[in-house]
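Working notes, structure below.
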Amino acid sequence: MSFSGALLSPASSLGRVVMTFVQECGAISLFFMTFIRHTLGFSSMHGQFAKQAEFVGWQSLPIVLLTAFFTGGVLALQSYAGFDNAVLAGGQVPKVVALSMLRELGPVLGALMVASRVGSAMAAELGTMRVTEQIDALYTLAVNPFKYLVMPRILACMTMLPLLVILANLVGIVGGYLVSVHILGLSGHMYTQNAYAAIGNEDVILGLVKAVIFGAIIGLMATFHGYKAGNGAAGVGMATTRAVVYAAVAILISDYFITAWFV
Amino acid sequence: MPESITLKNVSKSFGSNQVLVNASLDIPAGKTTVILGGSGSGKSVLLKCILGLIHADSGLIKFGAESVLDMDEPARMAMMRKLGMLFQSGALFDSMSVWENVAFALLEDGMKPTEAKEIAITKLRQVGLRSAVADLSPAELSGGMKKRAALARAVCHEPSVIFYDEPTTGLDPITSDVINDLIIQLQDEYKATSVVITHDMHTAFKIADKMAFLYKGSFLSDGDPKDFKDSKNPYVAQFVAGSAQGPIEAAV
Ligand SMILES: Nc1ncnc2c1ncn2[C@@H]1O[C@H](COP(=O)(O)OP(=O)(O)OP(=O)(O)O)[C@@H](O)[C@H]1O
Ligand SMILES: [Mg+2]
């Protein structure tokens, strides 16, 4: 390789990465615009929404609540260790648990759990439908696959994740309560009172805004990568991986920006 | 009133792989046109281009009076309502039972499930499947049964244009002939325009009103089935005879 070639190649490969990134973003945005367009012309949702809502919401409940419960418990343990005396801890631990759950961990962990459970399943299902020509078959039966497959899934994620997050927050605070009272020996009355006093409207709103946006990200990444899958079984596997990884990264990055915007 | 279909200089490539090269063909209304061609010659891609599932790179595709390449979404859906397509792979929806697959278009049109199921079972019988099959899932069917269920789905809403991508491949000779008779019957009954892709010469000559031979992405020859039988074109003659000797080299 010539000297100038050696100098240029890192720059050109970086260029390629950036180009690919921009192309991907463009394709995903186009897909999202189509989603918005179809949602506005709401006509044929075909009861698919209810099925998806059950899958995303109801069936995710155990895993989301279980993680929330232990997250609340861990928050109590960790924050307690940070305080010098039990009196201070009694006032502050519930506050830390409640605010961390509501503002951060409820939405983020809930979204990550749903992304791994629901996002992968959706991408695999749509990907399989793509490579076995079932999506083409929908078209030839005069059903728009976008309306039939994509829309109900994205909408289900956007509506069910906030509901899951509300319950996860409650269960997380309860987990913190149990640890505080039964393991750390703090007063239960104090815990309830301080947790309640710590929560403001904006904490609730911030958490729910995040949940709706994270839901959109999960549904979008899952359906986009499934819908565009190619190359047989390997393509479906790749779509599934991408759906989860892209969603997780997008959730964490957007979490920062939503928080920064609110604070 | 069934539609005719016209292809003019249709080309399509995937990357550097030129699949269709200026393919031109008239598919007459209310007749059965059989498309012959070797494996990988682009027959399935051609059907998908007509349906708009694959966007042709250039050329003209007319479905009735309308140009497929310039259709907007509502026009495309209106076209889909008039046609039925049997995919080479079957493409049954594996999240639904067999009868829900067959009755899919009817259910989407808002027909009551009990009524739709009855129609589905009638269609399944027509393709030689017992009514007990209706409640199975596609994964529980054999390859040939899948093909027949897919055929029942393709014709369940009584389309005026029907595309069959290898309807008899993978079926035993008797079932194949039942399917041939069904294709002929559908064509007689509804005066449907049928487009059939097949490798099966018996099927081809039994059902064809018109034949066309696709070779390396363009039509080498099209016309009356009688002319195909004793064609002077060495490519066509070799294909019809199913001989390894001739100008067509088998892909190894
Ligand atoms: N979606 C696609 N992407 C890329 N290449 C494709 C695609 N579909 C088909 N091809 C290529 O187009 C060519 C023709 O494929 P096609 O499926 O039309 O063959 P065919 O004539 O139907 O063959 P067979 O009789 O085996 O079904 C093949 O070389 C195939 O690799
Ligand atoms: Mg084919």
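The values are calculated or read from the model by the stated rules, or taken from the named source; none is laboratory data. Predicted model only: the values in this text are computed from it and were never measured. Using ideal geometry, Cβ is built from the backbone for each residue, glycine included, and neighbour counts are taken over all protein chains shown. Each accessible area value is taken on the protein alone, full model and side chains, heavy atoms only, with ligands, DNA and RNA left out. Shrake-Rupley method; radii C 1.70, N 1.55, O 1.52, S 1.80 Å.
Rg/Rh for segment A:46-262 (Cα atoms only, Rh after Kirkwood) is 1.09. Computed extension gain for B:Met77 through B:Ala29, at 0.36 nm per residue and net of the alpha carbon distance, reaches 15.3 nm.
If you rank B:Ile121, B:Ile35 by how much accessible surface each has, with a 1.4 Å probe, what is the order from largest down?
Largest accessible area first, the list is B:Ile121, B:Ile35.
With all protein chains kept in place, the per residue accessible area of segment A:114-228 amounts to 33 square angstrom at a probe of 1.4 angstrom. Summarising the label geometry, the points placed 7 Å from Cα in the beta-carbon direction at B:Asp94 and A:Ser116 lie 2.5 nm from one another.
Accessible-area rank, largest first, for A:Trp58, A:Trp261, B:Trp99: A:Trp261, A:Trp58, B:Trp99, with all protein chains present and a 1.4 angstrom probe. Note on B:Thr114 and A:Gln59: their simple-model spin labels are 3.0 nm apart, each label 7 Å out from Cα toward Cβ.
Of all accessible surface on the protein assembly as shown at a 1.4 Å probe, what whole percent is carbon and sulfur? Heavy-atom surface of the protein assembly as shown belonging to carbon and sulfur, 1.4 Å probe: 62 percent. Helix A:188-198 versus the longest principal axis of chain A: what is the Cα-based angle in degrees, 0 to 90, to the nearest 10? Between helix and principal axis, roughly 50 degrees.
Treating r as the C-beta distance of A:Thr192 and A:Ile36 and R0 as 41 Å, the FRET efficiency rounds to 0.45. Check each residue of segment A:137-158 and keep those whose accessible area, probe 1.4 Å, is at least 50 Å² smaller with all protein chains in place than in the chain alone; give them in order of residue number. Buried-area filter returns A:Tyr139, A:Thr140, A:Leu141, A:Ala142. For the pair A:Ser12 and A:Phe257, a Förster radius of 22 Å applied to the C-beta separation gives a FRET efficiency near 0.15, rounded to the nearest 0.05.
One way to sum up the overall shape of the protein assembly as shown is the equivalent ellipsoid from its Cα gyration tensor, whose semi-axes run 57, 27, 18 Å, largest first.
Using a 1.4 Å probe and ignoring any ligands, DNA or RNA, find the accessible area of A:Arg242 and quote it in Å² to the nearest 10. Using a 1.4 Å probe on the heavy atoms, I get roughly 100 Å².
To the nearest 10 degrees, how steep is helix B:143-155 against the longest Cα principal axis of chain B, on a 0 to 90 scale? Taking the Cα atoms of chain B, the angle to B:143-155 is about 80 degrees. What's the angle, to the nearest 10 degrees (0 to 90), between helix A:120-131's Cα axis and the longest principal axis of chain A? That helix lies at roughly 10 degrees to the long axis.
When the surface is traced with a 1.4 Å probe over the full set of protein chains, A:Leu88 keeps roughly 90 Å² accessible. Annotation: for a label point projected 7 angstrom from Cα along Cα→Cβ of A:Gln92, residues of segment A:161-179 with backbone N closer than 18 Å are A:177.
Taking a ≥ b ≥ c as the square roots of the eigenvalues of the Cα gyration tensor, segment A:100-154 is oblate, since a/c reaches 1.5 or more and a/b is not larger than b/c. Largest accessible area first, the listed residues A:Glu24, B:Glu118, B:Glu66 line up as B:Glu118, B:Glu66, A:Glu24 when surface is computed with a 1.4 Å probe on the assembled protein chains. Listed by chain and number, the lysines whose alpha-carbon sits under 29 Å from that of B:Lys216, ignoring those within fewer than 8 places in the same chain, are A:Lys228, B:Lys8, B:Lys12, B:Lys31, B:Lys43, B:Lys48, B:Lys62, B:Lys147, B:Lys206, B:Lys226, B:Lys229, B:Lys232.
Inter-label distance, B:Thr169 to B:Ser39: 0.9 nm, where each label sits 7 Å from its Cα along the C-beta direction.
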